[in-house]
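Working notes, beginning with the structure itself.
Each reported figure results from applying straightforward, stated rules to the coordinates on display, with no laboratory input. Everything quoted here is computed from the prediction, not taken from an experiment. Methodologically, a virtual Cβ is constructed for each residue, glycine included, from the backbone with ideal geometry; neighbour enumeration extends over all protein chains shown.
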Amino acid sequence: MVIAVYPGTFDPVTNGHLDIIHRATRLFDKLIVAVASNKGKDPLFSNHERIKLIQSSIAELPCQNKIQVLGFDTLLVDFCKQHQANVILRGLRAVSDFEYEFQLSGMNKKLNKEIETLFLPTTEQNAYISSSLVKEIARLGGDISEFIPSNVRAELLIKIS
Ligand code: COA
């Protein structure tokens with residue numbers, strides 16, 4: 001039984017994240033989407049709101065019964081251990097992501113050598129999406145419908161209005 005944890009801040013979840021989640025359900029027996037409190041990033045949505053947005057966004061996915069969405073406020077490796085997960089899954093969008101991801105995976109390996117980090121390359125149409133950019137475009141009145149699901153878009157527009 002391979003349990004993978006897909007961690008992130010998800011402020012808010014984007015089509016890029018959902019693409020990774022969808023593809024990961026074909027690879028692992030169970031996928032835990034782990035929503036980091038990440039107070040350092042001063043998220044726009046509360047942890048509870050970010051979890052709810054992911055839950056409603058994955059409701060239509062095939063294999064959604066394999067996915068669990070949970071919040072966490074601890075070390076990622078401790079969260080993985082607590083949930084018997086042996087894989088940390090991260091999406092890679094561009095070469096620029098690599099340095100940070102390499103450091104993160106190396107440090108997590110130092111903290112717990114039983115847990116492997118695996119990377120999935122983002123599909124081309126999602127390569128430029130980031131949650132911060134989506135929020136900025138929304139604040140400035142741009143069209144974000146291509147980047148996030150409609151339920152998330154509706155909540156984001158309410159939040160920033
Ligand atoms: N498609 C679109 N966007 C993507 C993406 C994808 N496939 N993958 C990542 N992104 C974007 C995110 O939207 C985010 O954008 P933003 O910075 O504009 O908000 C950015 O890439 C990266 O953020 P995210 O994937 O949310 O990760 P993060 O860097 O915010 O969080 C954690 C990293 C949560 C994994 C890390 O902080 C962590 O492990 N925290 C727990 C504490 C811990 O263990 N610390 C020690 C680590 S060694």
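Quick notes on this structure:
- Globularity index of the stretch 1-49, i.e. its alpha-carbon radius of gyration over 2.2 N^0.38 Å: 1.23
- The GNM of the chain, with springs linking C-alpha atoms under 10 angstrom apart, assigns the highest mean-square fluctuation among GLU124, GLU49, GLU101 to GLU124.
- Contour excess over end-to-end distance, with Cα ends at LEU133 and GLN82 and 0.36 nm allotted per residue: 15.1 nm
- With respect to the chain, whose longest principal axis is taken over its alpha-carbon atoms, helix 47-58 is tilted by about 90°.
- Among SER57, SER150, SER131, the residue with the largest mean-square fluctuation in a Gaussian network model of the chain, with springs joining Cα atoms closer than 10 Å, is SER150.
- Ellipticity at 222 nm from helices only: DSSP H runs of n ≥ 4 in the chain, each -39500 (n - 2.57), divided by the residue count, give -12500 deg cm²/dmol.
- Taking the C-alpha atoms of the stretch 47-109, convex hull volume expressed per residue in Å³: 124
- Residue among ASP11, ASP19, ASP143 with the largest mean-square fluctuation in a Gaussian network model of the chain, springs linking Cα atoms under 10 Å: ASP143
- In whole percents, the pair-distance distribution calculated for the stretch 1-107 from its alpha-carbon pairs, binned every 5 Å from zero, is 2, 12, 23, 25, 23, 12, 3, 0.
- Intensity falloff of the stretch 111-161 expressed as log10 I(q)/I(0), Debye formula with alpha-carbon point scatterers, at q = 0.22, 0.26, 0.28 Å⁻¹: -0.80, -1.00, -1.11
- Dimensionless Rg ratio for the stretch 81-124, taking C-alpha atoms and the 2.2 N^0.38 Å reference: 1.22
- Pairs from LYS66/LYS135; LYS41/LYS113; LYS81/LYS109 whose Cα-Cα separation, in the structure shown, is over 20 Å: LYS66/LYS135; LYS41/LYS113
- For the chain, the longest piece that avoids every one of the trypsin sites (Lys or Arg not before Pro) found in DSSP loops with at most 12 other C-beta atoms within 10 Å covers 27-112.
- Rel. contact order, % - alpha carbon contacts under 8 angstrom, at least six apart, the chain: 29
- Of the residues TYR100, LEU75, LEU61, the one whose Cα sits farthest toward the positive end of the charge dipole of the stretch 1-136, with +1 on the Cβ of Lys and Arg and -1 on the Cβ of Asp and Glu, is LEU75.
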